[in-house]
Amino acid sequence: MIRKIAILASGSGSNAENIIRYFAKNKTFVFPIIISNNKNAYVHKRAKELCINSLTLELKDESDWLVLRDILIRQQIDYVILAGFLLKIPLVILNLFPNKIINIHPALLPKFGGKGMYGNRVHQAVCAAGETETGITIHYVTENYDEGDVIFQAKCAVSPTDTPEDVAKKVHALEYEWFPKIIEKIWG
Ligand code: GAR
């Protein structure tokens, strides 16, 4: 069985690239398209290098989301991955992919989640709170930010001298190690 997976990404796209490289030799996982809400996102450059189609949809109003829905239907997409994607997913998409959209969050939810909590802001908040550990959460996506059922978490230590950049490095390492493996486990 072939699983067709769309990746949504707003920024650098290092997770998107890592996932696509991980499955490069596995012909049962295919990635027909990367969609970004940001035309300047570095993920487009990565997509080009990887020979994956990427396109920009601003996703500002409902008609944009309907365009996205039509693209996902036309491409016969089975699953959707949010890899550094910063917009809330509306019901018009969620209903089409019940429990088939997952997100990665760079902290141990329910800590440091919700609106405005993304990327380095999360690591800054973790350091400011004096946390001794942080990590990653892979979860199903619902209408609300960072609230769906948790699929997997992994932890790393935070020391008092760690900067947000140090924390980001540790968290990215966990993301690169675990996100593809968990995708393979739940959809394989
Ligand atoms: C990742 O650390 C991901 O966990 C985070 O954005 C980063 C994207 O990096 N996602 C969120 O903060 C979602 N709330 P990437 O573009 O290099 O994959």
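The values are calculated or read from the model by the stated rules, or taken from the named source; none is laboratory data. What you see is a predicted model; the values in this text were computed from it and never measured. Cβ sites come from the backbone with ideal geometry, for glycine too, and all protein chains shown count toward neighbours. Only protein heavy atoms, including side chains, enter the accessible area calculation; ligands, DNA and RNA are left aside. Shrake-Rupley method; radii C 1.70, N 1.55, O 1.52, S 1.80 Å.
Looking only at segment 73-97, residues that are in contact with a strand residue (DSSP E or B) (Cβ under 6 Å, 6 or more places away or on another chain) and under 23 Å from I138 (Cα atoms) come to 9 in all. Residues in segment 1-15 that are more than 6 Å from the ligand (Cβ to nearest atom) and modelled with pLDDT of 95 or more were compared, and the one that is farthest from the chain's Cα centre (by Cα) is I2. If you filter segment 36-50 down to residues that are assigned to a loop (DSSP other than H, G, I, E, B) and within 15 Å of L82 (Cα to Cα), you find that the one that is nearest to the ligand (Cβ to nearest atom) is A41. Going by the structure shown, is N99 under 24 Å from V171 (Cβ atoms), of a type outside the set (A, V, I, L, M) and in contact (Cβ under 8 Å) with a residue 12 or more places away in the chain? No, not satisfied. Only a single criterion out of (1) touching a residue at least 60 places away in the same chain (Cβ under 8 Å); (2) more than 16 Å from the ligand (Cβ to nearest atom) is not satisfied by I73, namely (1).
Taken over segment 155-181, the criterion of being among the hydrophobic types (A, V, I, L, M, F, W, C) and crowded, with 17+ Cβ neighbours inside 10 Å is satisfied by V158, V167, A168, V171, L174, W178, F179. Of the residues making up segment 121-137, none is under 27 Å from F23 (Cα atoms), in contact (Cβ under 8 Å) with a residue 12 or more places away in the chain, more than 14 Å from the ligand (Cβ to nearest atom) and more than 13 Å from the chain's Cα centre (by Cα).
Can you name the residue in segment 18-35 that is of a type in the set (K, R) and in a loop (DSSP other than H, G, I, E, B) and is also most open to solvent (accessible area, probe 1.4 Å) among such residues? It would help to see each step written out before you state the result.
Within segment 18-35, the subset of a type in the set (K, R) is 21, 25, 27.
Subsequent filtering for residues that are in a loop (DSSP other than H, G, I, E, B) retains 25, 27.
Details: K25: 192, K27: 147 Å².
Ranking the candidates gives K25 first.
Looking only at residues in segment 16-35 that are under 25 Å from L96 (Cα atoms) and in contact with a Pro (Cβ under 8 Å, 6 or more places away or on another chain), the one that is nearest to the ligand (Cβ to nearest atom) is I19. In segment 164-187, the residues that are without any contact (Cβ under 8 Å) to a residue 60 or more places away in the chain form Cβ pairs under 8 Å with partners that are crowded, with 19+ Cβ neighbours inside 10 Å and of a type in the set (S, T, Y), at six or more places apart or across chains, as follows: V167/T134; K170/T134.
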